[in-house]
Amino acid sequence: MARAAIRRRLTWRIATVATITRESDTARRLALRIDDWDGHLPGQHVDVRLTAPDGYQTQRSYSIASAPETPTVDLVVQRVPGGEVSPYLVDELRVGDELELRGPIGGYFVWHPDTDSPLQLAAGGSGVAPFLAVLDHHAAIRSSVPVRLLYSARSLGDVIGRDRLDGHAGRGVSVTIALTREQPPGWRGLRGRMDAEAIREHTTPADALPRVLLCGPTSFVEAVADGLVAEGHPTTAIKIERFG
């Protein structure tokens, strides 16, 4: 049974687009229906493959942005200017279209709510996608594990899942947003890139022994990881997914 499950995860399957939802100015949530889906863990990802009429193929990996309790497998795709895949997924894809997909993949960057350790999340840009799955799962199972999210985006219009994050903040999750390029009038959140002071003041202290998950561009996750280590967090407690 285990081998069959692994083969199924690594086999390309057809996913049908059920809904497309705006998540930010440049990102869309694709809710996919997949027959015989075996479920996933928050933090896992899938591979998506596109095939052109001339037979050319390309593929990309996307974090699953929906909790295991969700009937669809949701991906949040941010348009990358000049990109080969994301402009099609964001601008051209329609409800009812089909995609080739395989997964779920990954066991390193997942959240298992089986301990009482606090959870510290830090995301840059579209790196918040797997944490939307984590937070939704945290809410669905009514977990009492303390969670903090530090999220860096270029502008308020680039914040992915803003309404969803507001909802989680309303139930006690600590959500801190930093805008690096543009801030609206009256903005009370953080400004600029992550520095030592922001990391120290808006993350879980090392003596609380949190589990730390970082996701985003390489420069972002390295800066945050270095800042956390400087604050006394052991490197073994920090798990990283990077892109770019």
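Some observations on this one:
- The set of residues in segment 154-192 being part of a strand (DSSP E or B) and either under 23 Å from ALA208 (Cβ atoms) or in contact (Cβ under 8 Å) with a residue 60 or more places away in the chain (or both) consists of SER174, VAL175, THR176, ILE177, ALA178, LEU190.
- Condition check for ARG29: of a type in the set (Lys, Arg), buried (at least 20 other Cβ atoms within 10 Å of the Cβ) and out of contact with any Cys (no Cβ under 7 Å at 6 or more places or on another chain): yes
- Restricting attention to segment 130-146, the residues that are within 9 Å of the chain's Cα centre (by Cα) and either under 25 Å from VAL229 (Cβ atoms) or part of a strand (DSSP E or B) (or both) total 3.
- Qualifying residues in segment 67-90 (those that are among the small types (Gly, Ala, Ser) and buried (at least 19 other Cβ atoms within 10 Å of the Cβ)) - the one nearest to TRP37 (Cα to Cα): ALA67
- The set of residues in segment 65-82 that are within 15 Å of PHE243 (Cα to Cα) and touching a residue at least 40 places away in the same chain (Cβ under 8 Å) comprises VAL76, VAL77, GLN78, ARG79.
- Looking only at segment 13-25, residues that are in a loop (DSSP other than H, G, I, E, B) and over 15 Å from the mean Cα position of the chain (by Cα) come to 1 in all.
- Exactly one residue among ALA67, ALA52, ALA18 is closer than 22 Å to ALA122 by Cα and of a type outside the set (D, E, K, R), and that residue is ALA67.
- HIS233 meets each of the listed conditions (1) surrounded by 19 or more Cβ atoms within 10 Å (Cβ to Cβ); (2) at pLDDT 95 or above; (3) under 20 Å from the mean Cα position of the chain (by Cα) apart from (3).
The values are calculated or read from the model by the stated rules, or taken from the named source; none is laboratory data. Quick caveat, the model's predicted, so the values are computed rather than measured. Here the Cβ is made from the backbone with ideal geometry for all residues, glycine too, and neighbour counts use every protein chain on show.
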